[in-house]
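Structure, as structure tokens:
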Amino acid sequence: MSLDNIQMPPVLVQDLYKKSLVELDSIQQNTIAASNPEWPVLGANSKWILLIVNEKDAAFLPEEDLAFLMRILTPCNLSMSDVAILNYSRIPGMQYEEMMKRFSPDKIIFFDVDPANLGFPLHFPHYKVQQYNNQSYLCAPSLKILSAQKDQKLLLWNCLKIMFSL
């Protein structure tokens, strides 16, 4: 049997080409899009770390806040490919259950976001690493505040050392 004459059973072909072999009419496509809207995300989330920010004037983060975030992630041995950044203000109706289904994070850090607004069942005080549902949580003020106040940076760094075992 040569590679030019490979024959696959129809079930295998269907499994391999689920999205490209099925043609949907426009009504079906609109229904699927409405029931499963895309959440814009920055980063590849390869280490299952979710960073939730609240920036009304930027798609994700202003340039100076993103640069500051990179300076925070580097000593934790993390890069943008390791994390996923969600902008709470850009995802209407973002809720805890849906977020867990989409991202399956091990660690979640909230910057200027109250977890109660996402339907989280617990309250998380600032600068206290919390364990819940086999996940680590941390709440902090906005990156803008953190970058401007040295004492706030120190509090965050102490929590990150605990969270990432540094």
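Taken together, the values in this text are just the output of simple stated rules run on the coordinates, not laboratory data. The structure presented is a predicted model; accordingly, all values stated were derived computationally and were not measured. Every residue, glycine among them, receives a Cβ derived from its backbone with ideal geometry; neighbour counts consider all protein chains shown.
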Subject >> Interchain or long-range residues, amide H under 5 Å from Ser136's placed H >> reply: Lys107, Ile108
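Listing Ile52, Ile109, Ile145 from the residue with the fewest other Cβ atoms within 10 Å to the one with the most, what is the order? Please report the intermediate quantities before stating the final value.
Values: Ile52 22, Ile109 25, Ile145 13.
Starting with the residue having the fewest Cβ neighbours, the order is Ile145, Ile52, Ile109.
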**OP:** Go ahead and run the numbers for FRET between Ala44 and Asn117, Cβ-Cβ distance against an R0 of 35 Å, rounding to 0.05.
**Re:** 0.85
Original post:
Cα convex hull of segment 34-143: how many Å³ per residue?
Top reply: 102 Å³
Subject >> Computed label-point distance, nm, for sites Lys128 and Arg90 using a 7 Å Cα→Cβ extension >> reply: 3.2 nm
**OP:** Starting from the amide H of Ile85, placed 1.01 Å from N in the peptide plane, find each other amide H under 5 Å away whose residue is 5 or more places distant or on another chain.
**Re:** Leu42, Gly43, Leu51
